[in-house]
Every structure is written in structure tokens, then in C-alpha cells.
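**Student:** Here it is: the structure, laid out below.
The values are calculated or read from the model by the stated rules, or taken from the named source; none is laboratory data. If you're wondering where the values come from, they're calculated on a predicted model, not measured in any experiment. Here the Cβ is made from the backbone with ideal geometry for all residues, glycine too, and neighbour counts use every protein chain on show.
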Amino acid sequence: MRAPPRATILTPSLEGGNVAKQRVLVTGVSRFLGSRLAQRLEKDPEVGEIFGVDLEEPPVELTRTDFVRADIRNPLIVKVLRATEVDTVVHTAVIATPGRAGGRAQMKEINVIGTMQLLAACQKAESLRKVVMKSTTAVYGSEPTDPAIFSEEMAPRSQSKTGYAKDAVEVENYARAFGRRRPDVCLTILRFANFIGPLIDTPLTRYFSLPVVPTALGFDPRLQFLHEDDAVEVLYRATREDHRGTYNASGDGVLYLSQAIRLAGKLPVPVLVPFINLAAGMVRRTGAVDFSPEQISFLLYGRVGDVARLKEKFGYTPRHTTLEAFRDFVAKRKLLRVFTPEQAEQWERDLYAFLSRRDRLRRRGAEPAEPEGAKA
């Protein structure tokens, strides 16, 4: 079997005979991925200056990262890129939930208008050599007619009309248009599966933290997860290495929703499909989970992406499978359990034993009776 190709490390420019270290600007540095990526880059001696851009300060301690309080929706972001003279921009400021952004209108402005302004600034930045974009497998949608696995070349069966998925599609389109205008810049688009882990806060981590978990009656979708540590590592490798193109990023394997609920020690509450939106609205109003339309579709039909390209080109396989990532989330988040895994396994064994007994009795009752006098 051929060994995976070695990654190409970004080659810095030469200044006065000395190799200039990589200069990186990270947007969305007040959010989980942006702040953790900055921490990871700070540990790399080959990375020079690091600049974090956001409206709020990072939630973690950063020692080598210069925080720049700026709004990427403002055309003044051009001056930030010009002043910092960065060669790499990592765009993680794409929001998945309207609640945190202050509503759907604000969310769209940050995601779409912010990306447009940032890429317009990048187009004018002569020192720029690399752009890394955070995207999502939600661009494929979730429909009953979807293929079993989505590869990067596949298009969604239907176009998302609202929400994060629609924003992500537009963001990717703008990024590819930028790539055509600046072919000298290495453009990497990372389509992440749903993040999960002990620290990250997402609609799905909140969903599995509910006392009881609403599900769609008769549906058991296949889910994919990417552990938060693997997400940071993929972003780091995309920043430090040259990987042109689009990549799905997820842990190996899948997990059925029913399995995930059982592993979390929760009780499912089946809801008839016509009432799903009503139930989601009730949960949303409590503030517990910020459900969006594409998340409801995801919990109906699921979604699975092919990660073969990531493994081959990056030479990296996420350390946590989907199952391992979810188990780490359950163990370290210390979820309030309705029952323990041991109890669930015992109930499952009891159920299988009951079904086996019923099957034997049914087959025994179906056997024809022996005619009288058959036995001498």
C-alpha cells in the first residue's frame, strides 16, 4: 500500500537572507475554535506573529497573540490586513446559531457580509499567501433521498433556504470566487461535521444535555461527530501546511441517534413528525437549545461525509472516532443520567431474551400437531 503523500509546509518569504516566520490572522478569536487555534499556534516556534480579530476578547489566556478589536463587516478590515502584513488568514468567525449572534438577521450579516468584506480585504493584501475557511457538512443538507455518504464533489439534493446551511453555501461560493481572482493564494475550505467534546458548546451538546431528549417518532438518523481536539488539529495543519481544495472533516464511523441517547443515559421522547417544529419551538423558547431548521432536518435524516480525502492529503486521521468523541463528551461533561450504561445493557439483554422466548413459543405453536396413533 502506498504511503500517504507528505504535506507541503508553507514556505515563508526570505527577508535579508533570513527566513521570515509565518504571520497569521485568526478571525472569531473569541469563540472556541478561534481561541484554541491561537493557543496551538503559539506553541509553534515556526509561527511568528499571531493576530486575533473579534469584537469580544478571547476566553482563554493568550501570550503571543495580539488581540485586535475589529468588526470584519466593516471595510476598515482592509487596514487591519495592511497594518499586520499577514501571509495567512484563518476565518473561523462563521456562527451556527442565531441566538448568540442576536437574531437571524445579525447572524447572516456576520456570516455572509462579514465574509464578503474579509475576502475583499484579502484580495487587496499583497502579502497574503493562504486563506483557510471554516465551513460545515451542513452544506450537503439532510434529505430522505440523500446518498449514504457525501464526498466533496457532491452537490446537495436541495438548496437550503434559511439558516446556517444557507450561509455556509454562500460563504463557500464567495471563497471560491476569491480563489479564482487570487490563484496565487492557497485556499482551503474545511467542511466540519458536528463538533462535540467536554468543553465546546453547540446546539447538539445542549440537545444531549436535556433531561429528556425529544426525537422524531419512527426516525433514527446516522450521525457523525468530530472531537473538539481533532477540529483544532485539522485547523492547525491547514494553517501550517498547503492543502488546496475542499475537505470533509469528521471522526471515523457513525452513531445512530438512539445509540447516542442511550450512551448519554437519557430517555427519548418520541414526537410525531407533524409536531416536530412545535416541539422544537417550545424547547427554543426555554433557551435550552437554539434549534434551527437544518438541525431539525439533521435529527430526522442524519448526514455522513466521506473523510478519505482528508486522511490522504493531510496524512492525518482524527484521533477520536465518532463513537469515541461522543463517549468522551459524556464522560467529561458529567451529564445528568436517567440511567447508567450498565442498566441500559441489562435492559437490552432482558429485551433480547424476551424476544427470543416469544420467537421460540411462536415457532413451537406453528409446528403441526402429530396425528393420533402416531406413537405406538
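**Student:** Within region 194-224, track down each residue that is aliphatic (A, V, I, L, M), over 27 Å from LEU235 (Cα atoms) and under 21 Å from the mean Cα position of the chain (by Cα). I'd like the intermediate steps shown before the answer.
**Tutor:** Looking only at region 194-224, we keep the residues that are aliphatic (A, V, I, L, M), and these are 196, 199-200, 204, 210, 212-213, 216-217, 223.
Those left that are additionally over 27 Å from LEU235 (Cα atoms): 210, 212-213, 216-217.
LEU210, VAL213, listed by residue number.
**Student:** Before we move on, is ASP66 more than 13 Å from THR239 (Cβ to Cβ), touching a helix residue (DSSP H, G or I) at 6+ places or on another chain (Cβ under 9 Å) and modelled with pLDDT of 95 or more? Even if it seems obvious, please write down each step before you answer.
**Tutor:** Working: more than 13 Å from THR239 (Cβ to Cβ): yes; touching a helix residue (DSSP H, G or I) at 6+ places or on another chain (Cβ under 9 Å): yes; modelled with pLDDT of 95 or more: yes.
Yes, satisfied.
**Student:** ARG176 - would you say it is more than 18 Å from LYS134 (Cα to Cα) and surrounded by fewer than 19 Cβ atoms within 10 Å (Cβ to Cβ)?
**Tutor:** Values: more than 18 Å from LYS134 (Cα to Cα): no; surrounded by fewer than 19 Cβ atoms within 10 Å (Cβ to Cβ): yes.
So ARG176 fails the test.
**Student:** Ok, one more. Considering every residue within region 128-148, establish whether at least one is over 23 Å from LEU223 (Cβ atoms) and of a type in the set (Asp, Glu).
**Tutor:** Initial filter on region 128-148 (over 23 Å from LEU223 (Cβ atoms)): 128-133.
Filter again for of a type in the set (Asp, Glu), leaving none.
Within region 128-148 (the criterion being over 23 Å from LEU223 (Cβ atoms) and of a type in the set (Asp, Glu)), the answer is no, since none of the residues qualifies.
**Student:** Checking the condition over 17 Å from TYR301 (Cβ atoms), among the charged types (D, E, K, R) and under 15 Å from the mean Cα position of the chain (by Cα), which residue from ARG191, ARG181 passes? If you could, list the steps in order and put the result at the bottom.
**Tutor:** On the way: ARG181 fails: under 15 Å from the mean Cα position of the chain (by Cα).
Step by step, each of ARG191, ARG181 is checked, and only ARG191 is over 17 Å from TYR301 (Cβ atoms), among the charged types (D, E, K, R) and under 15 Å from the mean Cα position of the chain (by Cα).
**Student:** Please enumerate the residues belonging to region 74-101 that are of a type outside the set (S, T, N, Q), over 23 Å from the mean Cα position of the chain (by Cα) and either buried (at least 18 other Cβ atoms within 10 Å of the Cβ) or part of a helix (DSSP H, G or I) (or both).
**Tutor:** Restricting attention to region 74-101, the residues satisfying the condition of being of a type outside the set (S, T, N, Q) are 75-83, 85-87, 89-91, 93-96, 98-101.
Checking the rest, the ones that are also over 23 Å from the mean Cα position of the chain (by Cα) come to 75-83, 85-87.
Across region 74-101, the qualifying residues are ILE77, VAL78, LYS79, VAL80, LEU81, ARG82, ALA83, VAL86, ASP87.
**Student:** Given the criteria crowded, with 18+ Cβ neighbours inside 10 Å and either touching a residue at least 60 places away in the same chain (Cβ under 8 Å) or on the phi > 0 side of the Ramachandran plot (or both), does VAL185 qualify? It would help to see each step written out before you state the result.
**Tutor:** On the way: crowded, with 18+ Cβ neighbours inside 10 Å: yes; either touching a residue at least 60 places away in the same chain (Cβ under 8 Å) or on the phi > 0 side of the Ramachandran plot (or both): yes.
Spelling it out, VAL185 is indeed crowded, with 18+ Cβ neighbours inside 10 Å and either touching a residue at least 60 places away in the same chain (Cβ under 8 Å) or on the phi > 0 side of the Ramachandran plot (or both).
**Student:** At least 2 residues that are among the β-branched types (Val, Ile, Thr), surrounded by 20 or more Cβ atoms within 10 Å (Cβ to Cβ) and touching a residue at least 60 places away in the same chain (Cβ under 8 Å) in each: list the helices (runs of 4 or more DSSP H) lying fully within region 201-302 that qualify. Working first, answer last.
**Tutor:** On the way: elements: 203-207, 228-240, 257-263, 276-286, 293-301.
Filter on region 201-302 gives 228-240.
**Student:** Okay, next question. Kindly indicate whether any position in region 102-113 is in contact (Cβ under 8 Å) with a residue 12 or more places away in the chain, closer than 30 Å to ARG222 by Cβ, surrounded by 20 or more Cβ atoms within 10 Å (Cβ to Cβ) and not hydrophobic (A, V, I, L, M, F, W, C).
**Tutor:** Among the residues of region 102-113, at least one is in contact (Cβ under 8 Å) with a residue 12 or more places away in the chain, closer than 30 Å to ARG222 by Cβ, surrounded by 20 or more Cβ atoms within 10 Å (Cβ to Cβ) and not hydrophobic (A, V, I, L, M, F, W, C), which makes the answer yes.
**Student:** For region 175-182, state whether one or more residues are in contact (Cβ under 8 Å) with a residue 24 or more places away in the chain and among the basic types (Lys, Arg).
**Tutor:** Yes.
**Student:** Filter region 145-168 down to the residues that are farther than 21 Å from VAL185 by Cβ, hydrophobic (A, V, I, L, M, F, W, C) and not in a strand (DSSP E or B) and list them by number. Steps first, answer last, please.
**Tutor:** Of the residues in region 145-168, the ones farther than 21 Å from VAL185 by Cβ are 145-151, 153-167.
Right, trim to hydrophobic (A, V, I, L, M, F, W, C) and you get 148-150, 154-155, 165.
Across region 145-168, the qualifying residues are ALA148, ILE149, MET154, ALA155, ALA165.
**Student:** Hey, among SER127, SER135, SER142, which residue is assigned to a loop (DSSP other than H, G, I, E, B), of a type in the set (S, T, N, Q), buried (at least 19 other Cβ atoms within 10 Å of the Cβ) and touching a Ser or Thr at 6+ places or on another chain (Cβ under 9 Å)? Lay out the reasoning, then the answer.
**Tutor:** Numbers: SER127 fails: buried (at least 19 other Cβ atoms within 10 Å of the Cβ); SER135 fails: assigned to a loop (DSSP other than H, G, I, E, B).
None of the others qualify; the one that does is SER142.
**Student:** Every residue in region 26-61 that is among the hydrophobic types (A, V, I, L, M, F, W, C) and buried (at least 19 other Cβ atoms within 10 Å of the Cβ), please.
**Tutor:** Here is the first cut: in region 26-61, the residues among the hydrophobic types (A, V, I, L, M, F, W, C) are 26, 29, 32-33, 37-38, 41, 47, 50-51, 53, 55, 60.
Residues satisfying the conditions are VAL26, VAL29, PHE32, LEU33, LEU37, ALA38, LEU41, VAL47, ILE50, PHE51, VAL53.
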